[in-house]
Each structure stands twice: as structure tokens, then as C-alpha cells.
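Below is one structure; the comments refer to it alone.
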Amino acid sequence: MDRLRKEYGGQVVLERLNLTIQEGEFCSMVGASGCGKSTFLRLLLGQEQVTRGEILLDGQPLPGEPDAHRGVVFQRYSVFEHLSVLRNVMLGLELPKAKLTGRLFGAQRRAARDEAAAMLERVGLGAALNKYPQQLSGGMQQRLAIAQALMMKPRVLLLDEPFGALDPGIRKDMHALLSDLWREAKLTIFMVTHDLKEGFTLGSRVLVFDKVRVDPQAPGAYGARITYNIPLDRSRESVSAVHLARAAVQGASNIEVVS
Ligand SMILES: Nc1ncnc2c1ncn2[C@@H]1O[C@H](COP(=O)(O)OP(=O)(O)OP(=O)(O)O)[C@@H](O)[C@H]1O
Ligand SMILES: [Mg+2]
């Protein structure tokens, strides 16, 4: 994307974004609350349109509407309350194959069921297949949403603070799971996080969003930009490089550092 800009009404949210991301990268995105990270994800999803500039995927303009190539886990939960945990995850497999009824039958259904159950096992919900979302804790609902998105085997996975509601132990397990899936499925991932350490641990690249120009007379006149774009060499994960990069990020204003 080149000099991308996004406004809401008269308010500039994002401006002068220039970014090229290779397939298979894991981009962690950090920045102050309200600086436009979720907006950026919605642009990538095709749920929102840019005001100026363009986003290219494989050199082609991004489809203007969400599709199965882009999976998403929103900041707030996106599960269906009236379906069991298992059905919630099966649904992604059923809908494309059974457009009229939304249900599969016989062997196809059993295969979908097994695949969904295996994914739920991986996210630690193997014992909750027949529960309903409102019977789950916040962290369990979040894991359900993650399983739902991963089930679709998207090429691009968009994650908006996916681990915000999880306690540290489960968070660690989910980090390991996401890293494994990223490598196995060669996913391209964009993940918003408020936890800088998480961003550096998981990402192959860290993007820092920051509003550098502020006019107190006109709060909506300027938007946030990507002020740091830090590639992390995962193959030779040198501790000093990560420390250097972290120091650079901490120099940026308005960044919440949690470690
Ligand atoms: N649909 C919308 N209409 C108008 N303004 C919006 C809309 N969505 C977001 N905004 C504004 O855009 C700005 C960026 O919002 P966004 O949700 O992208 O921030 P964020 O970086 O994700 O914040 P947080 O870290 O708190 O989730 C905010 O000022 C918000 O009020
Ligand atoms: Mg947000």
C-alpha cells in the first residue's frame, strides 16, 4: 500500500501509510488506544474502504468485500450464541459446502465433525464441545473464536487483540498454538496487541502506529502513521537485535509497554 489514508467524516484516522508485506509474514501491530489499529484491520478485511490510496494483495487490488481467504478474530467475540461450541466451529466447514441447508449429512458431516473436534482439542476446548458460548468463560469464548477462524484455513489471518481476555498460562499455550499454525499453514498474520512483549515474541515484523502530528485546535486533522516497521530475523533470533528494536519502540510516544 502506498500513501494510504482513511477518514471518518472529517476525522483523519490513518495517513501516509506505506507498507509492503510478503506472504507468510507475521505482523504484530502496536499503538495507543484509538490510533486506528482496528480500522486498519477492517481495511485489510475489506469491511471498510480506504479514502485514498490502495491495498494490493499479490499485486492485485484487494477484493472490496470480506471473503474466505481472510479470516478474522475481532476484539469482541464473534461466536453464535444459539449454537454449541462444536457447531460453531463446524459451521465454517458446512456453510460453503451446504449452501441451502447450512448442514452436511452422513460421511461429510462426520468428517467435518472430527476436524472441528480436533481443532477444539488443540485450543483446549476438547471437554466443552457440547456447551453453549454463554456457558464459557471469556477466555474460552476467545479460544472458540480463534478455533472458528483457523478452521477456515484462511491465507490471511487478522487478529484484533486475540489474547486480551486470557490468563497468562493459557495465553502462553495459545502463543505456541498460533506459532505452530503459522508455520504449518504458511499463514500471513496481522495481529493487534497491547502487549509489546507478545508482539515481539510472535511476530516476524512489528509495526508501530503513532500519531506524530497533533493540532490541539483540530483534533481530527491528522491521523496515525506507521512510525516504526521493524523486521525481526526469526531464523537467527539474536537477543540483542530484539532488545535494540524494543528500545526503539519504547522511544516512541504513547506506546503501552507490558512485559
Ligand atoms: N465506524 C466508525 N465511524 C467513525 N469513526 C470511527 C469508526 N470506527 C473507528 N472510528 C474512529 O477511528 C479512530 C480509531 O479507532 P480504532 O478502533 O481503529 O482504534 P484502535 O487503535 O483499534 O483502538 P483500541 O486500541 O482502543 O482498540 C477512533 O477515533 C474512532 O473513534
Ligand atoms: Mg481496536
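Quick notes on this one:
- Residue match in the stretch 31-39 (condition: surrounded by fewer than 21 Cβ atoms within 10 Å (Cβ to Cβ) and away from ligand 2 (no atom under 16 Å from the Cβ)): no
- Which listed residue is in a loop (DSSP other than H, G, I, E, B) and modelled with pLDDT under 90, from S240, S235: S235
- Unique match (being in a loop (DSSP other than H, G, I, E, B), touching a residue at least 24 places away in the same chain (Cβ under 8 Å), among the β-branched types (V, I, T) and surrounded by 14 or more Cβ atoms within 10 Å (Cβ to Cβ)) among V50, V12: V50
- Residues located in the stretch 149-170, provided they are away from ligand 2 (no atom under 16 Å from the Cβ) and either modelled with pLDDT of 90 or more or outside any helix (DSSP H, G or I) (or both): M152, K153, P154, R155, V156, L157, L166, D167
- Annotation note: of N130, N88, the sole residue that is part of a helix (DSSP H, G or I), farther than 30 Å from E15 by Cβ and either modelled with pLDDT of 90 or more or within 18 Å of the chain's Cα centre (by Cα) (or both) is N88.
- Selection from the stretch 183-197 of residues that are more than 10 Å from V30 (Cα to Cα), away from ligand 2 (no atom under 15 Å from the Cβ) and in contact (Cβ under 8 Å) with a residue 60 or more places away in the chain: K186, L187, T188, I189, K197
- Which numbered condition K97 misses (of (1) over 30 Å from K37 (Cα atoms); (2) in contact with a Leu (Cβ under 9 Å, 6 or more places away or on another chain); (3) modelled with pLDDT of 75 or more): (3)
The values are calculated or read from the model by the stated rules, or taken from the named source; none is laboratory data. Note that the structure is a prediction, hence the values are computed from the model and not measured. Please note: Cβ atoms are built from the backbone with ideal geometry, for glycine as well, and neighbour counts cover all protein chains shown.
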